[in-house]
Amino acid sequence: METMEKDMILIADDAEINREMIKFIFDEQYHIIEAEDGVQAITAIAEYSDRLCLLFLDLLMPKKSGLDVLQFMNDEDYINTIPVIMITGEATDETDEKAYEYGASDIIYKPFAPNVVMRRAKNIMELFEHRIYLEQKLEKRTRQLRESREKIERSNEFLVNALSSVVEFRSLESGEHIQRVKYFTKLFLKYIMKIYPKYEITKEQAALIVNASALHDIGKIAIPDSILLKPGKLTEEEFEEMKKHTVYGCELLEKFKQEDNEFYRYCYDICRYHHERHDGNGYPDRLEGDAIPIWAQIVSVVDVYDALVSKRVYKDPFAVEEAARMILEGECGVFSPEMIDCFTMAEQELFAATEGEFSFADVMVK
Amino acid sequence: MTVQEFYDEVGGDYNEIMSRLRTEDRIRKFAGMFTRDESYKALVQGINDGNVEEAFRAAHTMKGMCQNMAFTRLYKSSHEITEILRGNDIDSAKQMLDVVTEDYNIVIAGIGKLLA
């Protein structure tokens, strides 16, 4: 839908002669409407705004002055779509300044030469038309770009989910583990952003982290079935191999890396560090405290929680309160005080999510 | 009466108006409009009421019209009274009004003959 044909010119001046002087210049090509005072001018502008391509405005008029009309046009944002040429007998710097300040495109002094008026008017109308056309084009382009980007983001999310599901199929864990980890990560991030602004996590970053969390166990693809699917306790050797899923995951990601962007960073860190511990006794790098990136810390706690409340090949699910207690009392990994805090704050929502929306056969029903 | 004669009689600039309006028909049309304009009346009313603002605006409008119509003599007196009123001086304005009135009447009478 393109704009309506702009074929109208408004001439506002209290003297008929003055209006006529301008009217005859344009009335063959344009439809002319006239106003005798500021109030009539304002009414006309409001009524014909989508057809007006130019406005001639006298400064001194009864009821409302030319400046008042300009003010109105500014308030209602007509000033950017309808060019205004002031006509005046006054030639003071002060009124000139004011008129331009209020958005007039040009000022013409009486008496004027009709040809000059016509040329200037045409130039100004052309300029406005061109600018409006460009703005519309720009708006359209911006919208298209945004739509493309959203499409790409959705593809990415789909791919990440698909990739991570591959692991799940192999390890015969609940098909929804990934979804739950993502959901819990999202929940945790909500509280982190609220309670700990010091981590400076933005909404955009949070979205990326949630997606990245889906890949935390991608390294398990490289672990042999004999270990991955063993129902009993792992030997020391077997456990050492299992621990390497963190590092294998990173190797895999590096192969797929396209560029060193933020999302890649999150995927890598989460993959590598989601088994580190706050006291430095984790693996693979024995990082301590704040050296562990916050996004890895979050996935760490969330992963443990989900493991506790789900059925696994090697265990039955725990009750949600029991799982919470074990985490808070340091029985299942060591977490930073901030993580413990967040966990406490998020507890109720976590329980509700576990028992409600994502409840499956292998999560213990109370 | 021709347009040229009219302009000579009222102290106006025929060449200027011709270059602006191009045709004598147009000049006649505009002259007719000039007689219908109420600014002179408003000026007189304003001065009599002591309403400087109204008078100023009327004088200013009239001045503008005279410029457009190339009525040079009437323009000069209108211009002068406009400046007087801008300075808020009602008394001086009353005096100037006599001059304006004289010039105005000459123009009106002239138009009457022109359009007869």
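What follows is calculated from the coordinates using simple rules that are stated; it is not laboratory data. Predicted, not measured: the structure shown is a model, and the values here were computed from it. Using ideal geometry, Cβ is built from the backbone for each residue, glycine included, and neighbour counts are taken over all protein chains shown.
Size descriptors for region A:126-230: radius of gyration and Dmax over Cα atoms are 21.1, 78 Å. With the simple model of a label 7 Å out from the Cα in the direction of the Cβ, A:ARG119 to A:ASP225 spans 8.9 nm. Quarter the surface of the alpha carbon convex hull of the protein assembly as shown and you get the mean projected area, 34.7 square nanometres.
On a 22 Å Cα-Cα criterion, which of the cross-link pairs A:LYS233/A:LYS311; B:LYS41/B:LYS63; A:LYS151/A:LYS203; A:LYS186/A:LYS233; A:LYS23/B:LYS63 come out too long?
Cα-Cα > 22 Å for A:LYS186/A:LYS233; rest within.
A cut-off of 5 Å between modelled amide H atoms, ignoring neighbours fewer than 5 places along the same chain, links A:ALA35 with A:ILE11, A:ALA12, A:ASP13.
Mind checking the dipole of chain A: about its Cα centre, +1 per Lys or Arg Cβ, -1 per Asp or Glu Cβ, Debye to the nearest 20?
Using Cβ point charges on Lys, Arg, Asp and Glu, chain A gives about 1300 debye.
Approximating the spin labels as points 7 Å out from Cα along Cα→Cβ, the B:VAL44-to-A:LYS190 distance works out to 8.2 nm. Calculated FRET efficiency, A:LYS233 to A:ASN156, Cβ-Cβ distance, R0 = 30 Å: about 0.20 to the nearest 0.05. At a Förster radius of 56 Å, what calculated FRET efficiency corresponds to the Cβ-Cβ distance of A:ARG265 and A:SER49, to the nearest 0.05? Once the sixth-power term is evaluated, E becomes 0.65. Fully extending the segment from A:LYS63 to A:GLU5 would add 17.8 nm, taking 0.36 nm per residue of separation and subtracting the current Cα-Cα distance.
Highest-first packing order for the peptide set B:10-17, A:245-252 is A:245-252, B:10-17, based on the mean count of other beta carbon atoms within 10 Å. Three semi-axes describe the equivalent ellipsoid of region A:8-142; taken as square roots of 5 times the Cα gyration tensor eigenvalues and ordered largest first, they are 23, 17, 15 Å. Across peptide A:66-76, the average count of Cβ atoms from other chains found within 10 Å of a residue's Cβ is 0. By the count of neighbouring beta-carbon atoms within 10 Å, fewest first, A:LYS203, A:LYS243 end up ordered A:LYS203, A:LYS243.
Summarising the label geometry, the points placed 7 Å from Cα in the beta-carbon direction at B:THR35 and A:SER165 lie 9.2 nm from one another. The GNM of chain B, with springs linking C-alpha atoms under 10 angstrom apart, assigns the highest mean-square fluctuation among B:MET33, B:MET18, B:MET62 to B:MET33. At the listed q of 0.17, 0.20, 0.21 Å⁻¹, the Debye profile of region B:3-114, built from one uniform point per Cα, gives log10 I(q)/I(0) equal to -0.74, -0.96, -1.03.
Debye sum, Cα scatterers, region A:264-311, no solvent: what log₁₀ I/I(0) at q = 0.14, 0.18, 0.27 1/Å? Taking Cα atoms of region A:264-311 as identical point scatterers yields -0.31, -0.49, -0.94.
Each residue in A:THR95, A:THR344 was given a count of other beta-carbon atoms within 10 angstrom of its own, and listing them fewest first yields A:THR344, A:THR95. Between the Cα long axis of helix A:245-256 and the first principal axis of chain A there is an angle of about 40°, rounded to the nearest 10. In region A:172-355, inverting the average of 1/r over every pair of distinct C-alpha atoms gives 16.7 Å as the Kirkwood radius. A straight Cα-to-Cα reach below 19 Å connects A:LYS255 with the aspartates and glutamates A:GLU157, A:ASP217, A:ASP269, residues fewer than 8 places away in its own chain not being considered. First measure r as the distance between the Cβ atoms of A:LYS203 and A:ASP27, then evaluate 1/(1 + (r/R0)^6) with R0 = 35 Å and state the FRET efficiency to the nearest 0.05. E(calc), rounded to 0.05, equals 0.05.
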